[in-house]
Structure formats: C-alpha cells, structure tokens
1. Among the residues of the range 10-20, is any without any contact (Cβ under 8 Å) to a residue 24 or more places away in the chain and either among the polar types (S, T, N, Q) or open to solvent by 50 Å² or more (accessible area, probe 1.4 Å) (or both)?
2. State whether the residues of the range 132-148 include one that is at pLDDT 95 or above, of a type outside the set (Ser, Thr, Tyr), over 23 Å from Arg25 (Cβ atoms) and surrounded by 17 or more Cβ atoms within 10 Å (Cβ to Cβ).
3. Given the residues Arg104, Arg81, Arg87, which is the only one that is more than 13 Å from Leu149 (Cβ to Cβ) and buried (at least 18 other Cβ atoms within 10 Å of the Cβ)?
4. Please pick out the residue among Ala60, Ala101 that is over 20 Å from Ile31 (Cα atoms) and more than 13 Å from the chain's Cα centre (by Cα).
5. Could you list, in sequence order, all residues of the range 37-67 that are in contact with a helix residue (DSSP H, G or I) (Cβ under 7 Å, 6 or more places away or on another chain), open to solvent by 40 Å² or more (accessible area, probe 1.4 Å) and of a type outside the set (A, V, I, L, M)?
6. Going by the conditions given, is Asp70 acidic (Asp, Glu) and either open to solvent by less than 40 Å² (accessible area, probe 1.4 Å) or more than 29 Å from Pro140 (Cα to Cα) (or both)?
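The values are calculated or read from the model by the stated rules, or taken from the named source; none is laboratory data. Here the structure is a predicted model, which means the values were calculated and not measured. Neighbour counts are summed over all protein chains in view; Cβ atoms, including those assigned to glycine, are modelled from backbone coordinates with ideal geometry. With ligands, DNA and RNA removed, areas are computed over all heavy atoms of the protein, side chains included. Shrake-Rupley method; radii C 1.70, N 1.55, O 1.52, S 1.80 Å.
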Amino acid sequence: MNVLEGSGELRVVPAAGERELADWRAVHNAIIPTAVLSAEEVRERAGRNRLETAYLDGVAVGCSTVRPPDEETPAATVIARVLPEYRRRGFGTALYERGLAHARTLSEDGVETVVLASNEEGLRFALARGFTEVERYLLPGDTIPFVALRLA
C-alpha cells in the first residue's frame, strides 16, 4: 500500500505475533501515556479486538484497534494511532480506512472512536472525518479525559 509519494511503503499487519504485539503496545503507550498497557493486557485485548500495527521501512509508526459492539456500546469502535513524528503523511488515514471497513461489517448501529483529550491532532483528525463528540469521561485516577465521538 503506497501512502503519499516519498513516504515509503506503509505495511499494516495483524498484531498477532510477539513482535507486532510489542510494537502495537509501544505505539499505544506513547500516544496514551495515561493508560499504559502491560504486555498481558495487550494480549487480552488482541483476543477480543482486531489489533493492527503499521510499519514504515520496518519501523512501527502506528497502530489501530477495532472493537466489536458490546453490551455498553452497540456501535463498533475504530481507533487509529500514529506516532507524532509520522503524522500528516497519510498513515492515520490508511489505518482509519482499514479499521472503518472492518467496523462496518461488525455493526449496523454505527461507528465510534475514542481520543485522549490532550491529543489535539487526534481530535482534529476525527472531527475532520465526520465524528462528533458525544461524551467526555475520566478513568479512575486519571486527570485527562477521554473523548468519545460518533460518526455522523
């Protein structure tokens, strides 16, 4: 998959093996430092969600999560994360579009996303793609809220 000329080849793979899971975790934890995940927590998430890791020339630059609907949320959830130094090169769009296509097969009740409120670029990204804010919430012990958004 070529993304923006001069950016190299972006390769997106399932986070199934130990390397991909570790890279997924590293990207997640860098972008969401308020909710750092252990290796065990990532393996557990991989069992119930679709996790993918994005590589540029062998270097992990992003990751994504697609959560199926559950008792609390009838919509599927798509989250695309790209490390700050790799943003604005089309990688987030590539991850988001892959996740969105999969999410639409999981739910007829729409698509949601979640962004850490301090991630202003992530919020702008979601709003530019038609998401609207529906809720802000704090996890126990946190001081920075998460923003839940729904695709309009």
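1. Yes.
2. no
3. That would be Arg81, the only listed residue that is more than 13 Å from Leu149 (Cβ to Cβ) and buried (at least 18 other Cβ atoms within 10 Å of the Cβ).
4. Working: Ala60 fails: over 20 Å from Ile31 (Cα atoms).
The match here is Ala101.
5. Arg43, Arg50
6. Here the answer is no, as Asp70 does not meet what is asked.
Residues are listed down the side, and each one gets a yes or a no for (1) under 22 Å from Gly122 (Cβ atoms); (2) modelled with pLDDT under 95:
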residue	(1), (2)
Pro14	no, no
Thr34	yes, yes
Arg45	yes, no
Thr53	yes, no
Ala60	yes, no
Thr65	yes, no
